[in-house]
Amino acid sequence: MHNEISLTATEAARSAALLTEIKEEIHRAEGQLGFDRFMELALYLPELGYYASTAEKFGPEGDFITAPLLTPVFGVSVAAQVAELLAQQPEMRVLEYGAGTGQLAVVVLTELERLDCLPAGYDIVERSAGLRLRQQQLIREQIPALAERVNWLDESPRGCRGVVIANELLDAMPVKRLVNSSTGFREQVVGWNGDELMMADRPLGSPEVERRLAAFELPVGYQTEINCSAEAWVESLGEVLDEGLVLIVDYGYSRAEYYHPQRDQGTFLCYFRHRAADDPLRLPGLQDMTAHVDFTAMAEAADRSGLTVAGFTTQANFLISCGALEQLADRVADADYVDLLAPVKQLLLPGGMGEVFKVLALTKNYPLPLRGMATRDIRHTL
Ligand SMILES: C[S@@+](CC[C@H](N)C(=O)[O-])C[C@H]1O[C@@H](n2cnc3c(N)ncnc32)[C@H](O)[C@@H]1O
């Protein structure tokens, strides 16, 4: 596989430098890093991790594409849901986590301005310094008159009133990879065999996880993931938000579907130049790594932190409820209507992103029904 991939000299040097850092940390950790720590270094080590580099990750030149980059219909629909709250309480703010290129912020702010419903401020928490710069540039270029409303925060704020948005944030958080054995679940670890990185495993020793998965009677050899970082992030939102709404959009399933006996290889995948691969040790820092989200775990974390699970639906139903089809209908006479249609189909259709992507809505001190959940609420599946 390695031979088929042509890397630039810069890519090869960066990956080699990251490998050295990983090796040193393995050494300091007496030979083994939990897979989640390895994934964290590979994705987020400052300057060298996948998300830290300035190399293109998004779109045709990168490794993957996300909904805000496919079509503005996504952001305009999200804005419709945000506007529902802002119309009642204009002093509320928007807080976006993991804003990627900044494209969603641009579209949401533009649409909120059109609706005469701008938030008091639009705050962004972004882990990657490179992406933060890119967001600042895009926002300055595309919406200069609104740029002063946007702030970048170094850490999560406390006591906010407003709407928290996280699109494809949780799937980019480090996961523990688990394998079932006759003595219970073991977690994968990453070590160094003298020549290269190697995978091994060790007992997970978590009665909580054993209990969580016991109901599914999973066979020996079954591989899966658990995303403790994502659960901790959702739990932290109890302190972040005093009043308002959280919209989490990501690919994933309810727990029963996530840990289905037939999903015996788990959901973890790597992406390099739009090709999926399953060897995480290859090309450290140059390939994306991701896993689907167990939305039941997120709902339980929300519960623990005092947030209300206010709705759960598919991306298709959320977007349709928020007026995606009306947006298309308004453009039906445009000469490029067919071009507008294709990416929206990708967002909505079950074979595209319509079903596997879900929207989880969490609220605090916000008792009103949500527009995005109006056509179909599947909370009962969680
Ligand atoms: C898959 S990208 C999605 C980007 C964007 N939301 C989109 O849909 O195009 C994941 C983003 O989350 C950021 N990220 C990951 N973990 C984070 C965290 N704990 N806090 C803030 N940003 C984070 C990454 O740097 C990246 O910008």
Matching strands (runs of 3 or more DSSP E) fully within segment 51-166 where at least 1 residues are within 18 Å of the chain's Cα centre (by Cα):
93-97, 122-125
When every residue in segment 54-84 that is near the ligand (Cβ under 10 Å from one of its atoms) and hydrophobic (A, V, I, L, M, F, W, C) is compared, the one nearest to Asp250 (Cα to Cα) is Ala67
Output the number of residues of segment 234-255 satisfying the condition of being under 17 Å from Val359 (Cα atoms) and small (Gly, Ala, Ser).
3
Candidates Ala333, Ala324, Ala329, filtered to the one that is buried (at least 19 other Cβ atoms within 10 Å of the Cβ) and of a type in the set (Gly, Ala, Ser)
Ala324
Which of the following residues is in contact with a helix residue (DSSP H, G or I) (Cβ under 6 Å, 6 or more places away or on another chain), over 19 Å from Gly162 (Cβ atoms) and surrounded by fewer than 19 Cβ atoms within 10 Å (Cβ to Cβ): Arg140, Arg132?
Arg140
If you scan segment 167-180, which residues turn out to be touching a helix residue (DSSP H, G or I) at 6+ places or on another chain (Cβ under 7 Å) and part of a strand (DSSP E or B)?
Asn167, Lys176, Arg177
Could you check segment 85-124 and list, in sequence order, the residues that are of a type in the set (Asp, Glu), touching a residue at least 40 places away in the same chain (Cβ under 8 Å) and either touching a Gly at 6+ places or on another chain (Cβ under 6 Å) or away from the ligand (no atom under 11 Å from the Cβ) (or both)?
Glu91
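Here's the yes/no breakdown for (1) acidic (Asp, Glu); (2) in contact (Cβ under 8 Å) with a residue 12 or more places away in the chain; (3) over 22 Å from Met298 (Cβ atoms):
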site: Leu319; (1), (2), (3): no, yes, no
site: Asp330; (1), (2), (3): yes, no, yes
site: Val338; (1), (2), (3): no, no, yes
site: Pro343; (1), (2), (3): no, yes, yes
site: Gln346; (1), (2), (3): no, yes, yes
site: Leu349; (1), (2), (3): no, yes, yes
site: Thr363; (1), (2), (3): no, yes, no
site: Leu370; (1), (2), (3): no, yes, no
Out of all the residues in segment 235-254, which are surrounded by 21 or more Cβ atoms within 10 Å (Cβ to Cβ) and in a helix (DSSP H, G or I)?
Leu237, Val240
Could you run through segment 196-234 and say how many residues are of a type in the set (Gly, Ala, Ser), surrounded by fewer than 18 Cβ atoms within 10 Å (Cβ to Cβ) and modelled with pLDDT of 95 or more?
4
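Residues checked against (1) over 27 Å from Ala316 (Cα atoms); (2) touching an Asp or Glu at 6+ places or on another chain (Cβ under 9 Å):
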position	(1), (2)
Met198	yes, no
Arg202	yes, yes
Glu210	yes, no
Gly238	yes, no
Asp250	no, yes
Tyr253	no, yes
His260	no, no
If you scan segment 99-110, which residues turn out to be within 13 Å of Leu146 (Cβ to Cβ) and surrounded by 20 or more Cβ atoms within 10 Å (Cβ to Cβ)?
Gly102, Ala105, Val106, Val107, Val108, Leu109
Count of segment 181-234 residues which are away from the ligand (no atom under 16 Å from the Cβ) and either part of a helix (DSSP H, G or I) or touching a Cys at 6+ places or on another chain (Cβ under 9 Å) (or both)
8
Answer yes or no as to whether Glu40 is within 16 Å of the ligand (Cβ to nearest atom) and in contact (Cβ under 8 Å) with a residue 24 or more places away in the chain.
yes
Qualifying residue in segment 338-352 (condition: within 17 Å of Thr66 (Cα to Cα), within 16 Å of the ligand (Cβ to nearest atom), of a type in the set (Gly, Ala, Ser) and assigned to a loop (DSSP other than H, G, I, E, B)):
yes
Which of (1) of a type in the set (S, T, N, Q); (2) away from the ligand (no atom under 16 Å from the Cβ); (3) more than 27 Å from Cys228 (Cβ to Cβ) does Gln32 not meet, given it meets every other one?
(3)
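The values are calculated or read from the model by the stated rules, or taken from the named source; none is laboratory data. Computed from a predicted structure; not experimentally measured. Virtual Cβ from ideal backbone geometry, glycine too; neighbours counted across all protein chains shown.
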